[in-house]
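Accompanying notes for the structure given below.
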Ligand SMILES: [Zn+2]
């Protein structure tokens, strides 16, 4: 005979490892099962929320991927020599220092610098 470490009742142990009576063992397993079920329920809720958010952002991701492809294509076709020629044509000195010439030149310089 042995004394249950949980409730103190006498019980017949099946081995040295057997520290609690059958009722206490069942109660511990029942509690463990309830905790695991609560965790499963919480994970399912989280999964549902994340799935919904993923569906919300998917169109935006698709849109950004398309923009990235367009930008990559634009970078591939970017012609440094052509921008240099545009800079020569647009130079403010050739246009009485007009605001338009300054704006276009600044933009072209930025394009050349970004490359
Ligand atoms: Zn017990």
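Structure notes:
- The residue pairs whose first member lies in region 69-89 and is assigned to a helix (DSSP H, G or I), whose second member is exposed (fewer than 11 other Cβ atoms within 10 Å of the Cβ), and whose beta carbons are closer than 7 Å, counting only pairs six or more residues apart or on different chains, are 80/115.
- Here the condition is being modelled with pLDDT of 95 or more and surrounded by 10 or more Cβ atoms within 10 Å (Cβ to Cβ); of 64, 87, 108, it holds for 64 alone.
Quick grid of which residues meet (1) part of a helix (DSSP H, G or I); (2) exposed (fewer than 10 other Cβ atoms within 10 Å of the Cβ); (3) away from the ligand (no atom under 16 Å from the Cβ):
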{"position": "6", "(1), (2), (3)": "no, no, no"}
{"position": "14", "(1), (2), (3)": "no, yes, no"}
{"position": "26", "(1), (2), (3)": "yes, no, no"}
{"position": "38", "(1), (2), (3)": "yes, no, yes"}
{"position": "46", "(1), (2), (3)": "yes, no, yes"}
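- Condition check for residue 54: closer than 30 Å to residue 104 by Cβ and either touching a helix residue (DSSP H, G or I) at 6+ places or on another chain (Cβ under 8 Å) or away from the ligand (no atom under 16 Å from the Cβ) (or both): no
The values are calculated or read from the model by the stated rules, or taken from the named source; none is laboratory data. Remember, predicted model here, so these are calculated numbers, not experimental data. In this analysis, Cβ positions are derived from the backbone assuming ideal geometry, glycine residues included, and neighbour counts consider all displayed protein chains.
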